[in-house]
Structures are given as C-alpha cells and as structure tokens.
1. Among the residues of the stretch 419-432, are any loosely packed, with under 11 Cβ neighbours inside 10 Å, closer than 21 Å to Pro371 by Cα and either out of contact with any Ser or Thr (no Cβ under 7 Å at 6 or more places or on another chain) or not small (Gly, Ala, Ser) (or both)?
2. Of the residues Pro427, Pro455, which is outside any strand (DSSP E or B), over 25 Å from the mean Cα position of the chain (by Cα), touching a residue at least 12 places away in the same chain (Cβ under 8 Å) and under 20 Å from Ala385 (Cα atoms)?
3. Tell me the residue from Leu82, Leu88, Leu128 that is more than 27 Å from Asp169 (Cα to Cα), aliphatic (A, V, I, L, M) and either exposed (fewer than 15 other Cβ atoms within 10 Å of the Cβ) or not assigned by TED's automatic domain parsing to the domain that holds Phe265 (or both), please.
4. Mind listing whichever residues of the stretch 268-312 are of a type in the set (Val, Ile, Thr) and in a loop (DSSP other than H, G, I, E, B)?
5. Kindly indicate which of Ala127, Ala106, Ala102, Ala141 is among the hydrophobic types (A, V, I, L, M, F, W, C) and in contact with a Pro (Cβ under 6 Å, 6 or more places away or on another chain).
6. So how many residues does the stretch 146-190 have that are within 23 Å of Thr118 (Cβ to Cβ), more than 27 Å from the chain's Cα centre (by Cα) and not in a strand (DSSP E or B)?
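The values are calculated or read from the model by the stated rules, or taken from the named source; none is laboratory data. It should be emphasised that the depicted structure is a prediction, and the values quoted were computed from it without experimental measurement. Here the Cβ positions follow ideal geometry from the backbone for every residue, glycine too, while neighbour counts run over all protein chains shown.
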Amino acid sequence: MRIPLRALYAVINSLLPGSSGRIWYATLICLLYFPLQLHAQTGCPAPKIRKYASGQRTAALLGWVDNETLAVDGAPATFSTLNAPVPLLGLTFATQYLSFDAQVTAGTPLSIKIIYPTSLLGVGSSALVQPFIYDKGVEKAAGISFPVGDLLSLINGAGDMELNLTPKDASGNPVAYDGVWIRLSGVAGLALSMSVYDAWIMQDPPGNINCNQAIDVLAGVRAGGISLLNATGGVVNKWNAIDNDPSLTTYAQLNTGVQVLSQVFETVVFNTPAKAGDSVYLVLQDPGSALLDLSLLTGFTIQGYMGTTPVGSPITNTGTLLNLRLLSGPGNKYVLSAAIPAAFDRIDIQMGGLVGALSSLRIYDVKVVTPAPAYSLTIDGNLTAGPVCIKDAGKLKFNITNADPCAVYNWYDTNNTLLHTGTGYTPAITSAGNYTWYVEAVRNGCNGVVSNRVPVHVIVEPRPGKPLLTIQLNP
C-alpha cells in the first residue's frame, strides 16, 4: 500500500517542525516509502515445501495396519497398508491416525497420498478421511469426514492418487486441525486393503531451495474406453524416471497390457511451480530399440497440472508443441520436449486408449527446463555484434533481452566469482583479448545452479598501430 507523500509530510512536520523536521522527513521517506516501490519481485510466487505428518498411531477392529511407521517417515516412496477383512459379526475396520507436530491453522489445505486399488471401486464409503483435533490428548473429529471415493470422483483410475482437501465444518467454514485419520471399513463378502504413503501441508521454507526438482511420482491405470475393472497394464519401476541417473541406464516402463483401450499413466510432481513457457524434458525409448518419430506416439499424451487443475490442453503427437530428437549413443533413445503454456507443478504422462498405440514405452528421465538467458552487446547503447576495439571497452555493456521479472541475474567470471547482479553488466576490460563470463537467472526463493549458467563472449581488439608510410619514387 502506498502512503501519500503529502500525508507523510504533514504528519512529520507537525511532529518535527523546522529544518530538523525536514531532515527526518527525508530519512523517513527512504525508510517507509521507497522500499514499497523498490521491491524487485512483488507478485512473484514464493516457493513452498512439504511438511509431513510425523506422528502416528493405529486402531482396529479385527483389521490391522502393516508397516505403520512408513506413513510418517517423510519418504513419498514408502507406505503403510490398512487391512479390513471380510466382516464376520458386523463391522471390521483399520484406522491410522497421522498427526503434525503443531496445530495447523484453519484454511490450510491438506494432502494425502494413497494407493487406491480397483477392489474399492463401487463399494461406497468404505474408506474415509477425517481431520481431527486433540481434546485432552484424544483425537476428536474436526469438521466433516470425506469419503475417499468422493475426493477421487473426477479420477476414473486406480493406483497412486493424491487426496486434496481443506478441513471444514458442515457449514463450509474452515477448521483448525492437529492431524487426520484414515479409516478402511470392511464390506460384506470383500476383504479390502488400501495403502497410505504420507500426509502433508505446504509451508514456507527456511531459506532458498533447489527449485524445479522432481520429488514424487504417481502411477497407475485409467479406464479409457473400457471398464476400469477390466483395465490391464501398469508402470514398472516408476521412480527410475526421476532418479537423476546421468548415464541414462535406469528407466520406468509404461505397459498398456492386453487391453489396448485402457490407459497407463505416470505423473511426475515437482517441488516448485514452473512458469508459463518452461518446458518439460523427457528421455524416451521403445523397449524394442526401434526408431521413434512423432507419428508412432499415437495415444501418448502430456498434460500439465497445477495441483489437481489441468493447465492448457493435452499435448499430443499431432500438436505443434512437441519436439523429438535422437540422442547420440546406442539404444535409440530420444529427447522429447514440450513447452507448457501456463504455470505447472506436475506433468501427467499417459499412454494407450487407442488402437494402434504403442504397447510399451520407457522413460529414462523427466525434468523441467527453464529458458536460458539471452543477451545483447551494446557500445554506448548501440547494438554491436563485436569484436570491439579496446578504446571502446569502457562503453561496452551486456543486456539480458528475455528478462524474467521473477528472477535476478548473476554474472560470474571463469573462476566462479560473482561479479555483478542485474539485467545489465559492464565488464572491466583493460587489455585486448578473448573474454568469457557467465550469466545465470535465479528465480525468487531459489538457489542458483551452475549448470544453468550461459557463457557470454566478447573479443576485444588492440588499437591499430601507427600507419607506416612508404614513398615510392617513379623510376
């Protein structure tokens, strides 16, 4: 909010009359007013990190929970499993209580990652999520419960799923909570199980973080053109797609199975949102090492999401946003890249659903790629391609031409010494030679990454020597 200068002037002068008041007026203007105008990244989203539930206990009636501590280990690849056998005399259930180390403020969204099996399809409210608050050390329901099936009503699939909710009462008012319990109840004639990976909220990090890192994967099967109960296929070694293997020898494999109309998916979740115009980078391979081209990727779809909300249209092999190129080396591995037109924090990769679609595909790597800094070279503000003469070296300036308003630009020398921060840089050059510096864009709240630095070159020519005049007499 801006404070009118006239109002500040009147208040300060009334408190500090005379010339000393004017001095204090100038000082206070600098302290109170100008910082509000000079914040370089106003409106830029600050990254957040997951805060996982860290406490747990279980309760059951003829049911049980396996590996209960794995639901609070802060590792999104491990899980507990709730088991509810066939009821013998009425109700059976298994419940796991997951708690945070401090009460969570009302209105804070809550996420839970589960494995949703096809056996739960069509069995109503056998699985419930209930936020709770401690009352004299005992878990007491905080607001309403949420049937797991309702939270997944828009997802016709099975496998790894995220449940996202904001705890509230029956009137829709947000409520504070200490944790959440997940209960699986037995159903006549059915023995049921459901796994729980983690529960978490999002919070501010203690400082800058490494951004655009893949931190989680969801994988499973969707019905496509058939009943989900008849869907086949799945994803093998899903975590290998984000294991940062520099040799590109490990991979996740998507298999549609015998039902070609079913769809398999792998969703890669990043720790911070990428910006509109950032790209996803995938390394793919046909398991038979056959050559690929876009026409063969029938049924292959990339969809960006911000949370559970799709951003933009699905990107398919017929679109203009996909780019496919062959990597050097053995194995016919390909890099597929696609620019996402809106901010996103996850990428859903889906395959199948069409006759003639590939039945299997390997994914070796999934990353977010941000636009590299582009720059121009000017002398006295006039564009030049270089080289430049030493006499003009003091007038030389590099300027970022694709500046991101939510990033700062750091300039380094070849010894990794930070020289300057800003969208323009005037190097100190005292002699002719070939010079190289590096520039890097670092977004709000993020750490710098050396591999993202772009080299900046200029050739500086010496002054020409004195002309040598030769007089030749006519013979």
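1. For the stretch 419-432, residues loosely packed, with under 11 Cβ neighbours inside 10 Å, closer than 21 Å to Pro371 by Cα and either out of contact with any Ser or Thr (no Cβ under 7 Å at 6 or more places or on another chain) or not small (Gly, Ala, Ser) (or both): absent.
2. Pro427
3. That would be Leu88, the only listed residue that is more than 27 Å from Asp169 (Cα to Cα), aliphatic (A, V, I, L, M) and either exposed (fewer than 15 other Cβ atoms within 10 Å of the Cβ) or not assigned by TED's automatic domain parsing to the domain that holds Phe265 (or both).
4. Passing the criteria: Thr298, Thr308.
5. Ala106
6. Residues in the stretch 146-190 being within 23 Å of Thr118 (Cβ to Cβ), more than 27 Å from the chain's Cα centre (by Cα) and not in a strand (DSSP E or B): 3 in total.
Quick grid of which residues meet (1) within 30 Å of Cys44 (Cβ to Cβ); (2) crowded, with 18+ Cβ neighbours inside 10 Å:
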site: Trp239; (1), (2): no, no
site: Gln253; (1), (2): no, yes
site: Thr256; (1), (2): no, yes
site: Gln263; (1), (2): no, yes
site: Thr272; (1), (2): yes, yes
site: Lys275; (1), (2): yes, yes
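Yes/no per residue for (1) within 23 Å of the chain's Cα centre (by Cα); (2) assigned to a strand (DSSP E or B); (3) assigned by TED's automatic domain parsing to the domain that holds Val236:
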{"site": "Leu358", "(1), (2), (3)": "no, no, yes"}
{"site": "Asp365", "(1), (2), (3)": "yes, yes, yes"}
{"site": "Ala393", "(1), (2), (3)": "no, no, no"}
{"site": "Asn399", "(1), (2), (3)": "no, yes, no"}
{"site": "Ala403", "(1), (2), (3)": "yes, no, no"}
{"site": "Trp411", "(1), (2), (3)": "no, yes, no"}
